[in-house]
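Report on one structure; see the data block that follows.
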Amino acid sequence: MSRTAALIVAAGRGLRAGSTLPKQFARVAGKPLVAHAYDAFASHPAVDRVIVMVAQGQEAMAREVLGPGATILIGGAERRDTVALGIAALGDAVERVLVHDAARPFVPAAVIDRVLTALDDADGVVPALPVVDTLCREDAGVVDRAGLHRVQTPQGFRLARLVEAHAGWPAAAVATDDAQMVRRLGGRVVLVQGDPMLEKVTYPEDFAAAEARLRWETRSASGYDVHRLEDGEELWLGGILIPHDRGLSGHSDADVALHALTDALLGTIAAGDIGTHFPPSDMQWKGASSDRFLAHAGKLIADQGGRIDFVDLTIICEAPKIGPHRSAMVARIAEILGLHPARVSLKATTTERLGFTGRGEGIAAQAVATVSLPGLPR
């Protein structure tokens with residue numbers, strides 16, 4: 001297969017987005033726009049190399065969100081200058097280039113496939129959507145929309161043709177995209193089906209619209225934990241200290257309820273269990289408050305752009321009685337996770353004096369968590 005590179009243009013200032021932060025670094029669904037676009041190309045099997053073009057002074061910000069392995073170069077004053085600098089850096093080993101605007105964060109793999117397939121028989125390929133709204137000019141009335149399309153990116157090109165187009169473009173002329181530059185040289189540019197997911201993020205209200213376009217998926221997972229009751233220990237349960245003649249024994253504060261809930265949340269993102277993140281062999285967690293573990297699991301979900309929809313917790317013990325403390329536990333768990341208390345269910349039961357909980361030797365807890373995560377375009 002021909003070597004293919006993706007060039008992500010992220011050198012703008014994004015002033016229309018209404019923030020001092022350049023919009024390509026603003027977050028949608030837990031990640032900056034440019035990170036969504038980068039991940040889409042970096043994970044595509046037909047893309048061999050990804051270069052991100054940023055403005056002077058944005059390198060550190062880009063490195064922080066993209067990681068040490070990303071190739072980051074400095075762009076120019078205008079979009080055309082930035083693309084020219086990017087394609088000049090690709091070298092002779094690259095035959096095809098995909099030019100993409102970071103302001104279009106969600107890039108379906110199917111669009112990349114369509115662009116690259118069409119590029120076998122063209123100099124340039126543009127994903128586009130037909131215009132369906134009635135169009136008009138203020139001074140001339142309705143305009144015929146037949147044959148009109150809304151242009152999107154990534155646009156694909158034979159690298160040699162794109163280099164020629166940039167070299168031959170008049171310095172004073174304005175180019176809104178690279179396809180018009182290739183057409184000016186007589187290059188064959190074809191359209192392929194675009195995707196609504198590729199809508200551009202420009203204004204403040206576009207961020208909410210972009211997040212709404214994501215295909216959210218629901219995940220549920222369970223957690224279970226047990227700790228022994230021993231003399232001389234404090235009883236931390238559900239994030240609060242409960243007066244009792246014995247407490248739970250463990251490496252941390254042994255809050256069996258928060259441990260079960262932490263495992264349930266970690267399970268929703270396939271992130272292992274509590275011991276993976278806070279191993280009992282590590283002395284820094286000796287006596288640690290379990291609210292730190294639960295908050296960590298919640299943050300991992302948030303970092304993936306997810307949200308916790310509901311948690312359900314059952315505490316299994318003969319004593320102490322949970323009823324008098326239920327409201328305080330619910331309030332504390334909601335506080336740790338940043339949830340409305342109505343999204344936290346807490347129940348208690350006994351084992352009718354059967355087993356280790358029935359004999360008062362320990363306390364068990366089981367939890368189920370339900371979260372929503374943004375499903376990236378397939």
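None of the figures in this text is laboratory data; all of them are computed from the coordinates on show. As the structure is a prediction and not an experimental result, all values here were calculated from the model. Cβ placement follows ideal geometry from the backbone for every residue including glycine, while neighbour counts extend to all protein chains displayed.
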(message) Within a 10 angstrom radius of the beta carbon, how do Lys299, Lys23 rank from fewest other beta carbons to most?
(response) Lys299, Lys23
(message) Please give me the summed charge of the neighbours of Gly223: other residues whose Cβ is under 14 Å from its Cβ, Lys and Arg +1, Asp and Glu -1.
(response) -4
(message) Compute for the chain: radius of gyration divided by Kirkwood radius, i.e. Rg/Rh, restricted to C-alpha atoms, rounded to two decimals.
(response) 1.14
(request) Could you check which residue among Ala212, Ala37, Ala264 shows the biggest mean-square fluctuation in a GNM of the chain with a 10 Å Cα cutoff? (result) Ala212
(request) Would you mind pulling out the separation of the Cα centroids of region 222-247 and region 280-356, in Å? (result) 12 Å
(request) Could you calculate the contour length gain from Arg3 to Ala209, that is, 0.36 nm times the residue separation minus the distance between their Cα atoms, to one decimal place in nm? (result) 70.7 nm
(message) Can you tell me, using C-alpha contacts under 8 Å and at least 6 residues apart, the relative contact order of region 252-378 as a whole percent?
(response) 35 percent
(message) Defining a contact as two alpha carbons under 8 Å apart and six or more residues distant in sequence, what relative contact order in percent does the chain show?
(response) 16 percent
(message) At R0 = 35 Å, how high is the FRET efficiency between His251 and Ser43 if r is their beta carbon distance? Nearest 0.05 is fine.
(response) 0.40
(message) To check you understand DSSP bridge types, tell me what percent of the beta bridges within region 4-213 (both residues inside) are antiparallel, rounded to 5.
(response) 40 percent
(request) Between Arg359, Arg228, Arg114, find the one with the highest GNM mean-square fluctuation for the chain; connect C-alpha pairs within less than 10 Å. (result) Arg359
(message) Can you tell me which lysines have their Cα less than 27 Å from the Cα of Lys321? Leave out same-chain residues fewer than eight positions away.
(response) Lys347
(message) I'd like the FRET efficiency for Glu335 and Arg183, computed as 1/(1 + (r/R0)^6) with the beta carbon distance as r and R0 of 35 Å, rounded to 0.05.
(response) 0.05
(request) Give the Debye-formula value of log10 I(q)/I(0) at each listed q (0.13, 0.16 Å⁻¹), with one equal scatterer per alpha carbon of region 4-213, two decimals each. (result) -0.72, -1.10
(request) Extending each Cα 7 Å along its Cβ direction at Asp92 and Lys321, get the distance between those two points in nm, one decimal. (result) 8.6 nm
(request) Considering only Ala102, Ala62, Ala46, give the residue with the highest GNM mean-square fluctuation for the chain, with springs between Cα atoms whenever their separation is below 10 Å. (result) Ala46
(message) If you take every DSSP beta bridge fully contained in the chain, what fraction is antiparallel? Give it as a percent rounded to 5.
(response) 60 percent
(message) Just to be sure I understand the model, the point goes 7 Å from the Cα along the line to the Cβ. What's the resulting Thr176 to Asp282 distance in nm?
(response) 5.2 nm
